[in-house]
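The values are calculated or read from the model by the stated rules, or taken from the named source; none is laboratory data. Note that this is a predicted model, so its numbers are computed, not measured. Please note: Cβ atoms are built from the backbone with ideal geometry, for glycine as well, and neighbour counts cover all protein chains shown.
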Amino acid sequence: MTNANHIGQPHARIDGRAKVSGRAQYAADFNQPGQAYAVIVGASIGLGQVVEVNAEAARRLPGGLAILTHENAPALAYAPHKGFIDPAHGDRLHVLQDDRVRFYGQPVAVVVAQTPDQAEHATCLLQIRYAGETPVCDPLDNRAEAVVPEAGREPDPIRPPGYAATPMARWRRPRSVSMPPTMPRARITSRSSRTPPLRSSRRMVRTDHLAGVDAHPDPEG
């Protein structure tokens, strides 16, 4: 009778030798007839509108098959899908269905090419112009009630000190804390800024799925 308790016992990893020797195959190692590669381009702003997508330089690259944006992507029949966290207001993202940007990294374009490098190169040549908007990040902002009108009115036994009435704008803000006077005189200080890069991800696609998609739409039409 064998011991069924495997806790604390060494076990050989079945795929370990294949991985360390380079013989293991992954999804990207399989090439099918008519296979292409898609790279998703994410928005570089957190809220606003896509004003213009200039893809002329990207279209001149060899190996390109399609550049999809909200201007030429097919209309998709999205069914209502409310999340359990915010069923009254939340909904799934309708990808490439309009020019609105709702969060940083939202897909705003998809580049399809014959090789991954060709698709990646084309995304670097896309020139996307945005009209940015100021997001509502403070739950005490008066504009927050315009997004979720009942947010400041629903009964909640847990309220911060100073909660006076129903509007969220009447919540008392916490007292600000001053920085200790010794901090600016520290021997080592750091001051830096960073611009997040445009996010992208690769996908393998079949070229027959591109049938009916105008890869090079006429801007005048």
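Inclusion of D29 among residues that are at pLDDT below 85 and exposed (fewer than 12 other Cβ atoms within 10 Å of the Cβ) is warranted. Among the conditions (1) at pLDDT 95 or above; (2) surrounded by 13 or more Cβ atoms within 10 Å (Cβ to Cβ), G46 misses just one, which is (1). Selection within region 66-110: residues that are farther than 30 Å from E56 by Cα and of a type in the set (K, R). The member of this set that is modelled with the highest pLDDT is R92. Checking each residue in region 106-140 for being over 20 Å from the mean Cα position of the chain (by Cα), hydrophobic (A, V, I, L, M, F, W, C) and under 27 Å from Q32 (Cβ atoms) picks out only A113. Regarding L61, is this residue in contact with a His (Cβ under 8 Å, 6 or more places away or on another chain) and either over 16 Å from V108 (Cα atoms) or at pLDDT 95 or above (or both)? Answer is yes for this residue.
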